[in-house]
Structure formats: C-alpha cells, structure tokens
1. Normalised radius of gyration for region 129-168, please: alpha carbon Rg relative to 2.2 N^0.38 Å, two decimal places.
2. Over region 20-154, average the accessible area per residue using a 1.4 Å probe and give it in Å², no decimals.
3. Averaged over all directions, how much area does the convex hull of the C-alpha atoms of region 87-228 cover when projected, in nm²?
4. State the percentage of accessible surface on region 214-308 attributable to carbon and sulfur atoms; use a 1.4 Å probe and exclude ligands, DNA and RNA.
5. Convert each backbone phi in region 37-49 into a coupling constant with the Karplus relation 6.51 cos²θ - 1.76 cosθ + 1.60 (shift: θ = phi - 60°), then list the ³J(HN,Hα) values in order as whole Hz, x for Gly and Pro.
6. With a 10 Å radius around each residue's Cβ, average the other Cβ atoms per peptide and rank 202-213, 83-94, 247-258, 401-412, highest first.
7. Mind running the shape call on region 210-351? Use the C-alpha gyration tensor, a ≥ b ≥ c as the square roots of the eigenvalues: rounded below 1.5 for a/c, prolate if a/b tops b/c, oblate otherwise.
8. Just subtract the alpha-carbon distance of residue 316 and residue 26 from 0.36 nm times their residue separation and send over the number in nm, one decimal.
Amino acid sequence: MKYLRVIDLLKQAPGEEVIAKGWVRTKRGNKNVTFIALNDGSTINNIQIVCDTPSFDEELLKQITTGACLCVKGTLVQSQGSGQSVEIQANSIEVYGLADSTYPLQKKGHSMEFLRANAHLRPRTNTFGAVFRIRHAMAYAIHKFFNDKGFCYLHTPLITASDCEGAGAMFQVTTMDLNNIPKREDGQVDFSQDFFGKQTSLTVSGQLEGELGAMALGNIYTFGPTFRAENSNTPRHLAEFWMIEPEMAFYEISDNMDLAEEFIKYLVKYALDNCQDDLLFLNNMFDKELIERLQGVINTDFVRLTYTEGIEILTNSGQNFEYPVYWGVDLQSEHERYLVENHFKKPVILTDYPKDIKAFYMKLNDDGKTVRAMDVLFPKIGEIIGGSQREESLEKLQKRVDELNMKLDNLNWYLDTRRYGSAPHSGFGLGFERLLLFVTGMSNIRDVIPFPRTPKSAEF
Ligand code: 4AD
Ligand code: MG
C-alpha cells in the first residue's frame, strides 16, 4: 500500500491499494454511500473518497466534517461520476484531527475580507491554495531564469544604515529602551549606544549592495524581503514586500529594458505552462480575461517612450484625472493605467524621468534635467518594475549626493565603486507581489502574500 499526494493519486491508473491524507472539503451522501472530497494542497483538485456507509462506524462518519484531517486507506478505482478519472473506494479511515462547527471555513463562499482576517486558515481554500502554489512557481522560475543566464544570487543585508531610495520611508531597528533613550549633550539621540553603534533601519532595497556585487561578479540579482514605512493603504502597497533586483555591469539602459521585458515574459509564460489548473480556476472564479491577458503580454512588444512623451499624451487625453498632469509631476497609478489600458493597450516602458522625482543614483542625461530611469507599467497594476542606468561618474554622483544633503559618511563605501574601476551599469527592481497581482488576477496585494503587513496590521 503506498501513500501518495493527491496530485499523484489523480495521475495513477486504477487498481492500486493506496493511502491518501488530507483535509475534508465536503462530505455528502446517504445511508448507502458517503462521498468525501479530500484536498491536501498539492493541487487545486480534490480526490473523491467513496465509503459504503453501512460498513463504517456511524460515530466515525459523524467526525468527518469540513476541515477535519483524515488518513484514508482504500483501492483506487475508475470514477463513476464526472469531474475526476479516479477515486478511492475506502476500506478504513482514521481521523487525524477533528474540526467542529466552529471551524471558520465552512462550505459557503467567503468574502476576501473575511479570509484576510483568517489568514492562518485561508491557505486551505481553493483560491489561496492556487495563489500560493503560483507564488511558489514564480519564485522558482525567477531563480531558474537568472541561473540559466549565469547571474549570481547575491544576498544583500536586511539591516542597513543607508536609505537607497531616499524616500525616508524606513523602519528603524533599535534595541534601545524606548522609555529611556540615551541623549547626547546637544539633546539628539545618542545612537552610538545603540546595538550597531549607529542609526539603522530595515532595508527598502538591496540595490546599493547589489551594485557592489555587479562591480565584481558582473551580473547579480537579489531576491528578498524589503520594508517600506510609507503610509499607503492601497491595494498595491505592502509595508513588507519581496523584490527581485538584478544589477548588471556594462548594461546600458536599453539592455536593461530588454532584460526586464524578457524576464517578465519568461515568468508569465512559465505560469501559463506550469500552473494551468490553478490559473484556470482563478480565471473562472475571479477574472474571465486573466488567461487571455497573460497570453497577450507574452505575444506583444512593450511600448517604449519617454516620460516627456507620456506627459504629452496625458495632457492631450482630455481625461479628468484626480491628480493634475504637468511636466515634473510624479505619475499616479491612474496616469500609468491610462497610458497602458486606454492609450496603448499594452505594457509600456517609460524612460527619462525628471531627476527631481527619482533617486540620487540614476544617470543624468545630457539635458541636465532628466535621468536614465525606466519604469515598466502594466495593465491593472501600474508600475511593476522600477529601474535605471546608474550614474558611474564619481563627480556627478557626488554632486547629486551634496544637492540632496545626503549623509556622505554612510555612503563612502558606495562611492568607492565609482572611485575604483567604475563602469557603466544598470539594474531594476521587480515587486514580487505586483507580479503576482498580475499573474493571479487578484485585485488586492494583501491576497498574494501569505501574511500581509500593512499600516495598523501585523497579524499572525
Ligand atoms: O521603484 P522602486 O522603489 O525601485 C527601487 O527600489 C530600486 N532600488 C530598484 C532597482 O533599481 N534595483 O521599487 C521597485 C518595485 C516597484 O516597481 C514595485 O513593483 C515594487 O518594487 N514596490 C512595492 N511593492 C509593494 N509594496 C510597496 N510598498 C512597494 N514599493 C515598491
Ligand atoms: Mg518606482
């Protein structure tokens, strides 16, 4: 008798004696026959367990309720019903764990809000099982993509003393007693007494250290959690999210765009090729255009245009945007989505943004006003990737650091890459959960990460 996971049981030919283990999704039947739908998370599909009701103890059958965990022994047989090829004719059932009527995920459909409040149990639903299997598949595909291209996975620190994006949205890391904070003579906090002897935070991006890696190993990528204390309670922002950041020596901005486009198409195709059952479920349940939209992306060239051209299109659009559009403004998601969904009807890469709305490290263009930035904008999402060619000139970079009043003593190590053997290089950051929003068709970013962290919410 062999134990197999449901995904493998469903591929077996009938005839074998098997063991199945999993959680009860539904039970129905009568005094002659009982049907149990069992799921173990290995696939969206359940295995049907068929019991000859009279030959099972009545008390045992009563314990088999939605949410209970079972170990079933029986014979794999051709299914009589539609919807599955094989089912298990049960000989014996052991109840591993009961689930009484207080189990929150009873049969009926639940709102996404209710499931979010029950994030400890929601992986047991069809929807979240599908989303988290796709999340896993995408993580694997990301490593495969870069490994196949010879990129080196570089682990960048999560605790840092520098603010990469300069947006000031950092979570402080401290072991100081908040009720008794040591102060210097001038009244300022004395961070020299803190754990690291200086002020530290959780990182908003691994890029700065990634650049150090690229200036030695050539092509690297990071893939890890990042933290932003921005008070953005939107369906696209998390306080803790995962980011993939490749950084490449000798890449110009156009090489960077080519890689970003190839990368996203690879991931979307990987999902279409490897997550069919889950995508089909999400397509049918939530978003009837999901699969079509995914196919659309892999079969289309992304539009490339400058920020300035984008602003022109937006100002001539005749649209009444909530946030006004003018040259120099940071684009809002409504603007990005207008370009992608209404104007071009395909993904857009916007380049050459005004330097004042972008981070200090981006390469200054000859016009002295814009930087060699690139944002990839996607339907339903807006910005999915942000990247740039980096300023490789020590002089220009130092000038920018001074203009922005950044603390040089925290950045000297970074400037060393420009002091010693500087080189043209580029990179970008893909928000993992933004990618998952696109691939799964979910509409709230809280529903593509197992345990979301957002303002005023850090449950589980
Ligand atoms: O555009 P961002 O801020 O770029 C950087 O951090 C660069 N250092 C990346 C690089 O060049 N190596 O962030 C990159 C991406 C965004 O395009 C978005 O997809 C995602 O990270 N992102 C968020 N995702 C979820 N919640 C948030 N609060 C996010 N902020 C950014
Ligand atoms: Mg950005």
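1. My calculation over the Cα atoms of region 129-168 gives 1.67.
2. Each residue of region 20-154 exposes 48 Å² on average to a 1.4 Å probe.
3. That works out to 16.8 nm², a quarter of the Cα hull's surface.
4. Within region 214-308, the accessible surface is 49 percent carbon and sulfur.
5. 9, 10, 10, 10, x, 6, 7, 5, 7, 9, 9, 8, 9
6. Sorting 202-213, 83-94, 247-258, 401-412 by mean packing, highest first, produces 202-213, 247-258, 83-94, 401-412.
7. Since a/c stays below 1.5, the shape of region 210-351 is classed as rounded.
8. Residue separation times 0.36 nm, minus the Cα-Cα distance, leaves 98.8 nm.
The values are calculated or read from the model by the stated rules, or taken from the named source; none is laboratory data. Model, not experiment: these values are computed from the prediction. Counting neighbours? That spans all protein chains shown, and the Cβs are built from the backbone with ideal geometry, glycine included. Remember, those area values only see protein heavy atoms, side chains included, never the ligands or the DNA or RNA. Shrake-Rupley method; radii C 1.70, N 1.55, O 1.52, S 1.80 Å.
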